[in-house]
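What follows is a single structure, written as structure tokens, with notes after it.
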Amino acid sequence: MQEKYMKEAPTIIRQFVGYMQTIKGKSPKTVEEYYLDLRTFFRYLKQQKDSQLADKPLSEISIEDVDLDFVKSVTLTQVYEYMNYLTVERKNGPAARSRKCCSLRVFYNYLTNKMHLLEENPIQELESPKLKKSLPRYLTLDQSIDLLKQVDGPYKERDYCILILFLNCGMRLSELVSININDIRRGTNTLRIVGKGNKERIIYLNEACLHAIDNYLKVRPANHLKDRYALFISKQNKRISPKTVQYIVKKYLSGIDLGGPGYSVHKLRHTAATLMYQQGNVDIRVLKEILGHENLGTTEIYTHLSNSQMEKAAEANPLSHMEQKLKK
């Protein structure tokens, strides 16, 4: 978590984010989101309680004086009023409000069940906004092949290797850019991945991945590197950035017919998972480990995708709308 946030955080929140990062192993980005969500909530609450802050921009309200007594005073009604404020004033959608609910819930559970600073959790009954369940968008097998055929240019070996790893391994963007050369284990044809919360997992590299890596390593820069351990190197001779990978992927995606916008790096992760589950008949529990999901429920969206396709197939049957005409 950034030092500038730690300086303005009150003790009770500083202890919470420290617990989430060091004990629970949450990533710095996740911990930062927890803090920012809590900061916004307590800024809002202070403004509502103090008429002198009514006209002050929320961003200028300090929460340094927020203490246990202030935290204890929160009511469920105030939280729901805050959710209404997020909807009307800040135009937050259900997903953003749901995340802020989660931050509050985790914070108050920590105070109640871990630190025992609260006898009762005042927001125990807090409900999150209902989220519309949408199926992930992904590339078909033919579209995936077309995407790989688009690769060309001075960095074609690197770009092809990036796309192959995304499409075969289903890794996240942050996981790909953090790969080091020594993470590749030739003896077992495996790759060590560092996922969310610094959790490690091992994935197996198939023939396509190994071939692409070998071809790339033949042309990978070897001199004047700013990070000699990084697998993927940018034209500035340093570890490739997430932004550069996003640009590379979008460039090649723009060259194939996808039937509409909205495809990105994360869609390649969905594509890998969908192809493995539907065409490779990979067990859902195995797929969970490959993708690095913490809960099986997260992975089960790919089974829902399959069920949706089966429903469409049934509806496509030319006899699907036949009605029985009874003889009189």
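Being assigned to a loop (DSSP other than H, G, I, E, B), surrounded by 13 or more Cβ atoms within 10 Å (Cβ to Cβ) and modelled with pLDDT of 90 or more is the requirement here; does Ile63 meet it?
Numbers: assigned to a loop (DSSP other than H, G, I, E, B): yes; surrounded by 13 or more Cβ atoms within 10 Å (Cβ to Cβ): yes; modelled with pLDDT of 90 or more: yes.
Criteria met by Ile63.
Quick one: in segment 241-283, which of the residues that are charged (D, E, K, R) and outside any helix (DSSP H, G or I) is modelled with the highest pLDDT? Looking at residues that are charged (D, E, K, R) and outside any helix (DSSP H, G or I), I get Asp283. A single entry from Tyr160, Tyr204, Tyr155 fulfils the requirement of being touching a residue at least 60 places away in the same chain (Cβ under 8 Å) and among the hydroxyl-bearing types (Ser, Thr, Tyr): Tyr155. A search for C-beta distances below 6 Å between a residue of segment 232-257 that is under 14 Å from Glu157 (Cα atoms) and any residue that is among the acidic types (Asp, Glu) and surrounded by 19 or more Cβ atoms within 10 Å (Cβ to Cβ), counting only pairs 6+ apart in sequence or on different chains, returns Ile248/Asp159. In this structure, Val79 does not satisfy being in contact (Cβ under 8 Å) with a residue 12 or more places away in the chain, under 30 Å from Glu200 (Cβ atoms) and β-branched (Val, Ile, Thr). Apart from one condition, Val286 fits all of (1) surrounded by fewer than 12 Cβ atoms within 10 Å (Cβ to Cβ); (2) modelled with pLDDT of 70 or more; (3) in a helix (DSSP H, G or I); (4) over 19 Å from the mean Cα position of the chain (by Cα); the exception is (1). If the requirement is being in contact with a helix residue (DSSP H, G or I) (Cβ under 8 Å, 6 or more places away or on another chain) and either polar (S, T, N, Q) or assigned to a loop (DSSP other than H, G, I, E, B) (or both), which of these qualifies: Gly153, Gly187, Gly197? Going through Gly153, Gly187, Gly197 in turn, just one is in contact with a helix residue (DSSP H, G or I) (Cβ under 8 Å, 6 or more places away or on another chain) and either polar (S, T, N, Q) or assigned to a loop (DSSP other than H, G, I, E, B) (or both): Gly153.
Considering only segment 49-60, how many residues are surrounded by 10 or more Cβ atoms within 10 Å (Cβ to Cβ) and of a type in the set (Asp, Glu)? Even if it seems obvious, please write down each step before you answer.
Initially, segment 49-60 is screened for residues surrounded by 10 or more Cβ atoms within 10 Å (Cβ to Cβ), giving 49-50, 53, 56, 58.
Filter again for of a type in the set (Asp, Glu), leaving 50.
Counting residues in segment 49-60 that are surrounded by 10 or more Cβ atoms within 10 Å (Cβ to Cβ) and of a type in the set (Asp, Glu) gives 1.
In segment 104-151, which residues are more than 27 Å from Tyr44 (Cβ to Cβ), modelled with pLDDT of 90 or more and β-branched (Val, Ile, Thr)? Passing the criteria: Ile145, Val151. With respect to the conditions (1) part of a helix (DSSP H, G or I); (2) among the basic types (Lys, Arg); (3) buried (at least 20 other Cβ atoms within 10 Å of the Cβ), Arg105 falls short on a single one, namely (3).
Out of segment 161-177, which residues are farther than 19 Å from Lys288 by Cβ and touching a Lys or Arg at 6+ places or on another chain (Cβ under 8 Å)? Correct list: Val177 only. Could you grab me the full set of residues in segment 167-196 that are under 17 Å from the mean Cα position of the chain (by Cα) and surrounded by fewer than 16 Cβ atoms within 10 Å (Cβ to Cβ)? The answer is Ser174, and nothing else.
The values are calculated or read from the model by the stated rules, or taken from the named source; none is laboratory data. Note that the structure is a prediction, hence the values are computed from the model and not measured. Note: ideal-geometry Cβ built from the backbone for every residue, glycine included; neighbour counts use all protein chains shown.
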